[in-house]
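Any read-out appearing in this document is the output of simple, stated calculations on the displayed coordinates, not a laboratory observation. Keep in mind that this is a model prediction, so the values were computed, not measured. For neighbour counting, all protein chains shown are included, and Cβ atoms are generated from backbone atoms with ideal geometry for every residue, glycine included.
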Amino acid sequence: MSDILLKVENLSVEFDTPRGPVRAVDGVSWQVRAGETLAILGESGSGKSVSTQALTGILEMPPGRIVSGTASYRGEDLIAMSVKERRRIVGDRITMVFQDSLSALNPVQSVGKQIAECYRVHRGLSRSEAMKRAAEMLDRVRIPAAAKRVNDYPHEFSGGMRQRVMLAMALALDPDVLIADEPTTALDVTVQARILELIEELQAERDMGVVLITHDLGVVADVADNVVVMYAGHVVERAATADALEHPVHPYTEGLLGSMPSADLKGQELPTIPGTPPSLRSIPSGCAFRTRCPHVVEECADEVPPLLTVAPGRDAACIRRTTMPAKEAV
Amino acid sequence: MSEVQAVVGAEAQELGDGRTLYNRELLRALLRKPQFVACSVLLLVFFTMAAFPKLFTSADPRFCELTKSRQSAADGHPFGFDIQGCDYFANVIYGARPSVLVSIVASFGIFLLAGTFGLMAGYFPGAVDALISRTADVLFAVPGIVLLIVILNSVPNRSIWVIVGVILVIGWPAGMRLMRSTVFSVRNREYVLAARSIGVPPLRILRKHVFPNAMAPLLAMTTLGIGGMVGLEAALTFLGVGLQPPSISWGSQFGVAAQYRDTPHLFIWPALFISTMTISFMIIGDSIRDALDPKLMR
Amino acid sequence: MIRFVARRVLAAIPIGLIVTLGVFALVFAMPGDPLRELAGDKPIPAAVLAAKRAQYHLDDPFIVQYLLSMKDILTGNFGTTFAGADIADQLRLRIPVTLKLTLLANAFQWTLGLFFGIYAGFKRNGLVDKSLLLATLVLLAVPGLVAYFAAQYLFGVELKWFPVSGVLEGFPRSYLLPALVIGLLGFAGLARLMRTSIVETVNADFVKTARAKGLGEQRVLWRHILPNALLPVVTFIGIDLAGMFGGAIITESIFNLPGLGQFMFQAIKLKEGGVVVLLSTLAFVSFILINLAVDILYGVLDPRVRHV
């Protein structure tokens, strides 16, 4: 197996609000290897973005606060290291792509300049050399007439092209890990597929680890090797994508899969997960999902279910599933 | 004036979009702020002063003894005497009325005018918008104070209402522009489209859906601008195009004080009163703006 | 670019016509005979009066008077005031006074405003930020009139640091005090605007991107936050400079500075329609030019509104 590039262990993040602290991420662990794509799947507010923002140091702190946990990149803990040391890694070895490329790019700087900035700051290249590399990078992400468009501004690109610019910027320094935070959510389905293909292609070429944050099961099924399912700040299931999709263990994952529209279900009412995700301010005691769970029993309220290994390479946080016979779980 | 409006406009812009507080909620949030409570009490005092000056002083501001001209404080005359030898305390107290009246009525009037015009310009693009916006352009193109002076100078008997009226005619464009831009951002919101799709008449949409959701920036701008109106009235009177004698006002007291620099009490007392009043208005406006700011809620 | 400027100038012409016509009409509508009032109680010989009336076209119908005034303005043939002073000379003397005052006041305002605004915005919720918010709130609230008088009394009459009024001591001494007060009052608005704008920009997504690129904090502030945060401030320049002329009427009256504001005020008082329209035109033209310059500057700073 290839090297583990980024390993997050027991990460907890709280936000200070006027009405007291709120825990957005609670004891989350995951890892990503070279060449692997890890999907972090969850609804908005499940803490999936917060965990990556915390470990890269771009989370607003305060009000955010890392309560515990480590995030080691090749054995070095990003959270414990100084801001200066972290800057050598984040932006160089670990880079990020965000959802809304229009607001995530500086509107008053040409895209070339923004890409070139990576080379100038991390590699100390001259202005002209950096611009040349930026143009090459735009060409790599298949932006037509890259040499000309390098001087254009973000608003002059279409949504899909802009996301390619984001990718070019993130991949400029040939990083080890790419964290893509809902990179295709704002795009049309066809454009979305092309961007995902592009990521896959560049990943294979560079043997890069990709952390893909998404709420879209379809995207997960398409590209992810492994998946981490988050609910209300907790990891509820961790598995190889194929396993998770075939035999979901946690009732939440099961519910997500069940509510995916498909041709087989035509004419029937689409099953949904009853209820709404809890507000982080009032997470139910014990298992956070129990108020919406079809398999709930009294013991679910007693304590937060630990993430337990149910099969080789598969973890789930559900006291019923670790005791229930496997066939009921299918 | 317009500078304050520009700043306030910028600070209030983020208040647009949809978030309206229920009055009770807003009031509760405000009452938690000590500076808001303190300034409200002060303003209440000024309002009482304007309505019932006799509660504060038994002296007649127009009873004068020339021999006491410009004397400083004495028994029963805490602020001394003015140039005519009238009790200055009584004069300053009676001077509150024009300031309070002009500022409140003009601000409220401008809120209504700017709000209505802004709503119409923002909701009915085309001829209505063009008419209102071009008129505003013209009014913006001349310094407002020049227009005020020119118009007021041609009115022989200027009452408070004439001054308020002229301020209204000149003063609405800034607020209108703010309202218009917020209406633009609200008019294509789903709830407005929904109302339109089920055939709610335009006036009702404006009243029930657009106005409540677009008024916060203008409200903040208006409350923060009330203090400026007090200053404007004083400035006009000082320049000789505001209230005329025998009306008693802080502005005319400044005018007199400017000519008698060796008796600073003529300036200090009205200045103190007027500043307290404008600062109170400003702090109240600031508190309301904070309370309306969705980012600070929760 | 040229087309943009041409379009703006063309659009300004009808507004300029309405403005001048409106102002002239207002002055025309003022009651009373300007010449008689100027003469006071002294009886004027009918012949002199008639000659004067003819000189200023006072007996012509309104629209003829307006057109004659506009012709004079456009041909640079300004004539004399009712009191006999050459208007061109007056302008030559007065324009520098108002310019000096305005430029000095702006120098104070922009140095202070940008410095404190940027500092407070970058270190928000710090001591400087909190005191700035309070101080500027008070400065915005104090009526200009009170501030001018208080400064005049304190620094002029009592402490004698500056001349109380007039321009006898020349530039810069005579201008320092009024400019300082105007600058201080203007600084309050500018600093608040700058601060608000920075605080809002700090939360923008592209700032997160910049941090995720591993840029140093200083680079994020100066290269990414500030260029974006300056945009609303640029708009403020236009509003601010356009308001300077109006403000000059009050300040020049209080500090007795013989500038354009004072000229305007006297002209209104004396019902000199020609002068009022001339000065209004001057104010209007500078308003248009300033706004044009601001728009061009804005286009340079913000590629999204660039006019090609």
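For the range C:91-270, the Kirkwood hydrodynamic radius from C-alpha pairs, put into Stokes-Einstein at 25 °C and a viscosity of 0.890 mPa s, yields a diffusion coefficient of 138 µm² per second. Need the list of lysines near A:Lys132 for cross-linking: C-alpha distance under 20 angstrom, and skip anything on the same chain fewer than eight residues off. The qualifying lysines are A:Lys113, A:Lys148, C:Lys213.
Between the range A:52-130 and the range A:149-168, the C-alpha centres lie 19 angstrom from each other.
Sorting the segments C:280-288, B:167-175, C:187-195 by their residues' average number of neighbouring beta-carbon atoms within 10 angstrom, most packed first, yields C:187-195, B:167-175, C:280-288. Shown in residue order for the range A:241-247 are the 3J(HN,Hα) couplings computed by the Karplus curve 6.51 cos²θ - 1.76 cosθ + 1.60 at θ = phi - 60°: 4, 4, 4, 4, 6, 6, 10 Hz (x for Gly and Pro).
Summary value for chain C: 25 percent relative contact order, contacts being C-alpha pairs under 8 angstrom separated by 6+ residues.
Each part reduced to its alpha carbon centroid, the range C:241-308 and the range C:63-95 end up 18 Å apart.
Structural descriptor for chain A: relative contact order 19 percent, calculated from alpha carbon pairs under 8 angstrom and at least 6 residues apart. Rounded to whole numbers, the Karplus 3J(HN,Hα) couplings from phi for the range B:137-147 are 4, 4, 5, 6, 6, 10, x, x, 5, 4, 4 Hz, using 6.51 cos²θ - 1.76 cosθ + 1.60 with θ = phi - 60°, and x at Gly and Pro.
Among C:258-264, C:293-299, sorting by the average number of other beta carbon atoms lying within 10 angstrom of each residue, highest first, gives C:258-264, C:293-299.
Could you please report the charge total around C:Ile198, scoring K, R as +1 and D, E as -1 over all other residues with beta-carbon less than 12 angstrom from its beta-carbon?
Net charge around C:Ile198: +2.
Per-peptide packing, taken as the mean over residues of other Cβ atoms within 10 Å, places C:220-228, A:226-234, A:11-19 in the sequence A:226-234, C:220-228, A:11-19 from highest down. For C:Lys123, a cut-off of 21 angstrom between C-alpha atoms picks up these lysines, skipping any fewer than 8 places away in its own chain: A:Lys84, B:Lys295, C:Lys208.
If amide hydrogens are placed 1.01 Å from N in the peptide plane, which non-local residues have theirs closer than 5 Å to the one on B:Tyr260? Residues meeting the criterion, in which the H sits 1.01 Å from N, do not exist here. In chain B, the calculated helix contribution to ellipticity at 222 nm averages -22000 deg cm²/dmol per residue, counting -39,500 (n - 2.57) for every DSSP H run with n ≥ 4. Look at the stretch B:229-235: the mean tally of other chain Cβ atoms within 10 Å of its residues' Cβ atoms is 4.
Annotation: amide H-H contacts under 5 Å for A:Val25 (H modelled 1.01 Å from N, sequence separation of 5 or more, or interchain): A:Val13.
Straight-distance candidates among the lysines for linking to C:Lys71, with alpha-carbon spacing under 26 Å and chain neighbours fewer than 8 residues away dropped: C:Lys52, C:Lys269, C:Lys271. Residues whose amide H falls under 5 Å from that of A:Gln31, counting only those 5 or more places apart or on a different chain, are A:Val8, with hydrogens built in the peptide plane.
Evaluate peptide B:245-255: per residue, the Cβ atoms of other protein chains within 10 Å of its Cβ; return the mean as an integer.
Across the residues of B:245-255, the mean count of other-chain Cβ atoms within 10 Å is 1.
Structure remark: mean-square fluctuation, Gaussian network model of chain B, C-alpha springs under 10 Å; the largest value among B:Asp87, B:Asp286, B:Asp137 belongs to B:Asp137. Inter-chain Cβ neighbour count for C:22-31, averaged per residue, equals 4 (cutoff 10 Å, partner chain atoms only).
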